[in-house]
Amino acid sequence: MSLTATQGEGARRLPRLSGDWPLIVPMGLLFIGFFCGPLVLLLWVSFHNDQNMEVTGVAMWARFLGDPFYWNVVLDTVMLGVKTVALTVVLGFCTGVIYLSCGPRVRSLMLFAIVLPLLLSVVVRTFAWIVILGNEGLVNWAVMSLGLSAAPLRLLQTELGLVISLAQIELPLMLLPLLSVMARIDPNILDASHALGASRWRTMFRVILPLSVPGLIAGSLLVFASSTAAFISQSVIGGGRLIYMPLVIWQQALVVYDWPFAAVVSIALLVTVLGILTLISALGRLART
Amino acid sequence: MTAFTLNRRKFLAASGGAAATAATASLWGTSALASGSVIAAIYPGTWEESFRSIVAPALQEAAGVTVEFDPAYAVDQIAKARAARALPPFDVFVLDPGPAATGAEMGLYQPIDTSKLKNADKLPQVFVSEMAIPVAAQVVGIAYNPTKFDTPPTGWAQLFEEPYVSRLGLTGFQTTFGTTSLIEIAKAFGGSLTDIDPAMEKIKEVLPKIAAVAQPSAMAGLFQQGEIDVMYTNTQTVASLKGRGVDIEFAVPDTGAIAFVTTMHIIDGAENLDNAYAYIDTVISAGVQEALMQEPYNFIPVNSDVPLLDTLPMTSLDAMNDFVRHDWTQINPLRPGWIERFNREVAA
């Protein structure tokens, strides 16, 4: 009796809460315990002035925010994400247009090819790029045998090489949401565009592109978050001269045991990535209106 | 009858109970196993591979103890032990000198009673201490590709001159071999154990010419791919690359190769203390040390009963006394600053 009464009261106070809410309890508890908890802990650790975490204060934040070197690291990390997103958007959209024009059999083959790299470990894919981009690698072999350059191009340990390889490594994250959105574009709309006299290019940019925006946005979110945090690719292909936030976090946490500073950089990375992600989704909403 | 009607509440309670039972069972499983076992941290890669295939069966045979390996780099072991505090995540550490000194400062080890180790008197006594048992030696020097240079490099300073500098691969202060090599480079240009300025200035000067500045884990791959042809590294890396058919030789710099030992430590509050002793004793036994020295593992043994291979840059363990050694209690406080400085100076 009393049970029904409480449920009734609950329903009146929160009218949209359906009777199924206990189903989210396990996930919710996991989330609070293993995500929110550690996050609070991280924040707490960041407000300590010394490595042994005995003195609380904002010294580590001051050290991070007051140092132009670290601002540059933040900027470089963001730019790496932006460039990777830009390249995957171009590659992804082109692949998407081809995908649209294919029949169902080729489409499923394409999907298989897109998912295939995800089955390989990111470490393997990263090391494969060393072989491709190296001085004696595939790209330089092609460039030099075509006589385009006398000396091998420097691609490893450069931002360009890193962006190229990250674009390949992260491309499935762009393609999967993008293709599912593009596949839902009504073919009648494309026919209508042709019938009304639009050229193929015009149809592509004025019809297909705007309709693909939700997919591009979703893909960009995933690629940005993943490429800015891609510690393995950044350190193996980028090398020691390109310093990104994940490397600084690793060094501070695991090499010099400066956990408060590592926490500061981690939170800064989190906030930066969240900021950019918010911006991307805001852009998405803007484009749709 | 009502007992068999399943509603959501009962289902949740029942599945919760089942999960709890499963969790308890698995906990029980571990502790039951732990009575005849020891948990040892181990470096991933060659160490883990060789210890699984050589040390684990040897320990089983010698003491009937099962060893469970927890793969982690030195710094990760320290971080784990420090984070776990009262609940030791494993029984035995394996560490290089830098992290070993850090762990000692943090009070993570318990004293080792060497009388419980049958093989302790076979070890080079300079490296044995109250808290540490050496299990492998490491010798660091210059590695180069003999097909790319007419004459092998002979000293640290030479690495910064042509033809070597444009083929040089650099790595920073994150690893023991990197730190010790950079200290020796600093010394070659007028610095000292605690003054690495000359090395950093020289690196800055030649930076545009250097073939690659890379993370330590990427060095071997870059060498194998021909991206770099000269680097500083240990004999083990040289031997394993050579074993894979890479053109590589080890050169002892004119100021001497760098030597240090990898040590094992028993964690404070270890759960399987006796088994930890049995494990360490097995690791330093002549049979195991001899097996670890062979291809493809290429360890440098520390048991004086094991005759050294002639590919090593010394004929006996005593010869290592003349090699360059470093005091890590002096290096550790400076190292965070050096790591940060290296980042800044080489940042593109």
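The values are calculated or read from the model by the stated rules, or taken from the named source; none is laboratory data. Values in this document were obtained by computation on a predicted structure and should not be read as measured data. Because the Cβ atoms are built from the backbone with ideal geometry, glycine has one as well, and the counts that use them run over all protein chains shown.
Just a few scattered comments:
- Considering the conditions (1) within 13 Å of residue A:64 (Cα to Cα); (2) assigned to a loop (DSSP other than H, G, I, E, B), residue A:264 is excluded by exactly one of them, (2).
- One residue alone among B:272, B:298 is closer than 16 Å to residue B:60 by Cα and either modelled with pLDDT under 95 or in contact with a Lys or Arg (Cβ under 6 Å, 6 or more places away or on another chain) (or both), and that residue is B:272.
- 3 or more residues within 14 Å of chain A (Cβ to nearest Cβ) and closer than 29 Å to residue A:134 by Cβ: qualifying helices (runs of 4 or more DSSP H) within region B:217-318: B:219-224
- Check on residue B:331, within 21 Å of the chain's Cα centre (by Cα), crowded, with 18+ Cβ neighbours inside 10 Å and within 14 Å of chain A (Cβ to nearest Cβ): yes
- For region A:92-112, filtered to residues that are of a type in the set (Gly, Ala, Ser) and closer than 10 Å to residue A:175 by Cβ, the residue that is surrounded by the fewest Cβ atoms within 10 Å (Cβ to Cβ) is A:96.
- Total residues in region B:140-174, condition within 14 Å of chain A (Cβ to nearest Cβ), surrounded by fewer than 17 Cβ atoms within 10 Å (Cβ to Cβ) and more than 21 Å from residue B:208 (Cα to Cα): 1
- Restricting the search to helices (runs of 4 or more DSSP H) fully inside region A:39-129 and requiring at least 3 residues that are among the aromatic types (Phe, Trp, Tyr), within 14 Å of another protein chain (Cβ to nearest Cβ) and within 30 Å of residue B:337 (Cβ to Cβ) gives A:68-100.
- Members of region A:234-261 that are touching a residue at least 24 places away in the same chain (Cβ under 8 Å), more than 7 Å from chain B (Cβ to nearest Cβ) and of a type in the set (A, V, I, L, M, F, W, C): A:237, A:245, A:248, A:259, A:261
- Yes/no for residue A:109 being over 27 Å from residue A:78 (Cα atoms) and out of contact with any helix residue (DSSP H, G or I) (no Cβ under 9 Å at 6 or more places or on another chain): yes
- Within region B:85-105, the residues that satisfy the criterion of being within 14 Å of chain A (Cβ to nearest Cβ) and not β-branched (Val, Ile, Thr) are B:85, B:95, B:96, B:98, B:99, B:100, B:101, B:103, B:104, B:105.
- Tabulated pairs, region B:106-121, first outside the structural domain of residue B:133 (by TED's automatic domain parsing) and within 11 Å of residue B:277 (Cα to Cα), second among the small types (Gly, Ala, Ser) and part of a helix (DSSP H, G or I), C-beta under 8 angstrom, 6+ apart or interchain: none
- Residue list for region B:57-84, restricted to those being in a loop (DSSP other than H, G, I, E, B) and either among the polar types (S, T, N, Q) or within 14 Å of chain A (Cβ to nearest Cβ) (or both): B:72, B:73
- Residue match in region B:198-215 (condition: closer than 27 Å to residue B:300 by Cα and within 12 Å of chain A (Cβ to nearest Cβ)): yes
- Residue check: residue B:256 meets all listed conditions (1) surrounded by 20 or more Cβ atoms within 10 Å (Cβ to Cβ); (2) in contact with a strand residue (DSSP E or B) (Cβ under 6 Å, 6 or more places away or on another chain); (3) small (Gly, Ala, Ser) but one, namely (1).
- Matching residues, region A:212-232, being within 14 Å of chain B (Cβ to nearest Cβ) and buried (at least 20 other Cβ atoms within 10 Å of the Cβ): A:230
- Qualifying positions in region B:183-202 - in a helix (DSSP H, G or I) and free of Cβ contacts under 8 Å to residues at least 24 places away in the same chain: B:186, B:197, B:198, B:199, B:201
- Scanning region B:284-323 for residues that are crowded, with 20+ Cβ neighbours inside 10 Å and among the β-branched types (Val, Ile, Thr) gives B:284, B:288, B:300, B:302, B:306.
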